[in-house]
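Accompanying notes for the structure given below.
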Amino acid sequence: METEEKERIQKQREELKEEGLKEKKEILEDSIKQNEAPPPDDVVSSLPVPSTDSISFHPINVLANHNVGGASETPEGGVSEMLNRFPVGKLSFFLQVNCIKTKFVEFSAVLDTSGLPKRLRFYLSLYSELLFESPVLRNGELIPYETVVKELQANTISHSSCLGIRGGGRFMPGQYPDALLISI
């Protein structure tokens, strides 16, 4: 392919000759100059600026066990009712739940793996790769990995697991490699 491209360029040079090449160079330089020229002020000022009043923001209720009160009450309210159903203050681990009225749910967990023995830490990259592609024991029945993968594809938009925040790639940790990040 490289040879064909070199032959094509050589053939084009022979056809255009020195005069044609100069003409094409001038056309190219003129086009670049026109493309890099700033737009006229009257064009920029004639564009309407839309109002931000039409932007609707979704209210977010936050439940968290790391605040003093155990939850953040938003102006929209509803946190007290949610706390009755899900008392996050009684949990022994950090938890934050952001409640938004939507038909989608995202679950993310960041697990601290620093307490794992060194001999097991070597397997974390492999574990994170296999997490969503392994058989599952459900109600005493072993579900084959093919079924697990099909169900995940049918019921989720995305799922991932990696070592570190913003994982470095397959079998490579990202920042904070002691954290195992799981999202679904």
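Throughout, read-outs are computed from the coordinates displayed, never taken from laboratory work. As the structure is a computational prediction, the values presented were derived from the model and not from experiment. When we count neighbours, we look across all protein chains shown, and the Cβ atoms used for this are built from the backbone with ideal geometry, even at glycine.
In nm, what is the difference between 0.36 nm times the number of residues separating Ile9 and Thr52 and their Cα-Cα distance?
10.2 nm
Quick one: give the max-minus-min coordinate of the C-alpha atoms of the chain along each principal axis, largest first, in Å.
On the principal axes, the chain reaches 82, 51, 33 Å in Cα extent.
Per DSSP helix of 4 or more residues, -39500 (n - 2.57); summed, then divided by the residues of the chain. What does that give at 222 nm, rounded to the nearest 500?
-11500 deg cm²/dmol
What is the log10 of I(q)/I(0) for the range 106-184, computed with the Debye formula using one identical point scatterer on each Cα and no solvent, at q = 0.23, 0.24 Å⁻¹?
Relative scattering, expressed as log10 I(q)/I(0), comes to -1.10, -1.14.
Report the number of Lys pairs in the chain whose alpha-carbons are under 30 Å apart, with separation of 8 or more residues or on distinct chains.
The number of close lysine pairs in the chain is 18.
Need one number: nm distance between label points at Glu26 and Asp41, each 7 Å from Cα along Cα→Cβ, rounded to one decimal.
With each label point 7 Å from Cα toward Cβ, the separation is 3.3 nm.
Taking only Cα atoms and a 10 Å spring cutoff, compute GNM fluctuations for the chain and point out the largest among Ala109, Ala37, Ala154.
Looking only at Ala109, Ala37, Ala154, the largest GNM fluctuation is found for Ala37.
Just Thr52, Thr102, Thr147 to compare: in a GNM of the chain, with alpha carbon springs under 10 Å, which one fluctuates most?
Judging by the Gaussian network model, the answer is Thr52.
What is the Cα centroid distance between the range 148-164 and the range 1-65, reported in whole angstrom?
When both Cα centres are located, 38 Å separates them.
Taking the range 122-168, which trypsin sites (Lys or Arg not before Pro) meet the DSSP loop condition and have no more than 13 other C-beta atoms within 10 Å?
Passing sites in the range 122-168 are Arg166.
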